[in-house]
1. List the number of the failed condition for S25; all other conditions in (1) modelled with pLDDT of 75 or more; (2) over 18 Å from L211 (Cβ atoms); (3) loosely packed, with under 15 Cβ neighbours inside 10 Å hold.
2. Between a first residue in segment 206-222 that is farther than 9 Å from F143 by Cβ and a second residue that is part of a strand (DSSP E or B) and of a type in the set (F, W, Y), which pairs have beta carbons less than 9 Å apart while being 6 or more apart in sequence or on different chains?
3. For D184, indicate whether it is among the acidic types (D, E), closer than 21 Å to D69 by Cβ and in contact with a Pro (Cβ under 8 Å, 6 or more places away or on another chain).
4. Considering segment 50-91 alone, what residues qualify as being crowded, with 18+ Cβ neighbours inside 10 Å, closer than 23 Å to T167 by Cβ and among the hydrophobic types (A, V, I, L, M, F, W, C)?
5. Counting residues that are touching a strand residue (DSSP E or B) at 6+ places or on another chain (Cβ under 9 Å) and polar (S, T, N, Q), which helices (runs of 4 or more DSSP H) fully inside segment 153-245 reach at least 1?
6. Only residues that are of a type in the set (K, R) and over 13 Å from L178 (Cα atoms): list them for segment 192-243, please.
7. Mind telling me which of the residues G129, G137, G85, G112 ends up being part of a loop (DSSP other than H, G, I, E, B) and at positive phi?
8. Please list, ordered by first then second residue, the pairs with beta carbon atoms under 7 Å, 6 or more apart or interchain, first in segment 43-61 and at pLDDT below 95, second polar (S, T, N, Q) and surrounded by 11 or more Cβ atoms within 10 Å (Cβ to Cβ).
Amino acid sequence: MLLGCLPGLAAVLALALCAGGVERSVAASGRQVVARPAAAHKAVRPHIVPRSVWLDDDTRHAQPPPRYDDRVIAVFVHHTDSPNGYDCADAPRIIRYLYAGQTGSRDWDDIGYNFLVDRCGTIYEGRAGGIDRPVTGAHTQGFNHRTTGIAALGTFTAGVPVPKEMTDAIAALAAWKLGLSGTDPRARVRLTSSNSHSRYAAGASTTFPALAGHKDGYMTSCPGAALSALLPGIRETAARLQGRH
């Protein structure tokens, strides 16, 4: 399912938005080497606002049961290509509007993003299925399996300031979500394309940053040049939150 980033708020309703090692211990006496799991690098789960806050009965769309993967080993960061000057109290309304466009005119079963983050750093649950579970999203064509989609509310093209509260929240969310599978946010992971509508043919296996931008997997400028430029720093912050520094 495609979720590319389109320019302008008018496009929102037609939204096509924009892998553990082991460590070995050897007894001093020279006994047999024993393999044991590497020490976990987990981060604290940040506060996440449940979807019930933004999804009301009048907007709710009938949908099939959620789909799941075995784990999440990568995060794709997006922007919603919508206005930046919103009051953060309006974020639930904006998310509801995005949801309505995707489940209405696009006839999707749910909002594509797993999570959304506003400019004040508030994290919202997006796609249904359980915040703690590896829900299969619909955010990066060809690479929705074993990944989570995090969308920054706004447009972050070249020269546009990206709030630190927003990038800190993205880092915290990625650190926690990737930590569940023991994935270092600074690592590269291997994913396999599920179809030929991405940058890679169906069945092609390639590596991505564990914390990637949408454009790494799909032909788009999303999440915008300004936010893309901050991804290296977000990876470092996420790694630090996992206790890797």
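The values are calculated or read from the model by the stated rules, or taken from the named source; none is laboratory data. The structure displayed is predicted, hence computed values, not measured ones. Here Cβ is always computed from backbone atoms with ideal geometry, including for glycine, and neighbour counts include all displayed protein chains.
1. So the condition that S25 fails would be (1).
2. L211/F76; G213/F76; H214/F76
3. no
4. The answer is W54, V72, I73, A74, V75, F76, V77, A91.
5. Once the helices (runs of 4 or more DSSP H) in segment 153-245 are filtered for at least 1 residues that are touching a strand residue (DSSP E or B) at 6+ places or on another chain (Cβ under 9 Å) and polar (S, T, N, Q), what remains is 164-179, 225-229.
6. Step one: list which residues in segment 192-243 are of a type in the set (K, R), which gives 199, 215, 235, 240.
Scanning segment 192-243 gives R199, K215.
7. Details: G137 fails: at positive phi; G85 fails: at positive phi; G112 fails: at positive phi.
Being part of a loop (DSSP other than H, G, I, E, B) and at positive phi holds for just one of G129, G137, G85, G112, which is G129.
8. From residues that are at pLDDT below 95, the pairs are H61/T103.
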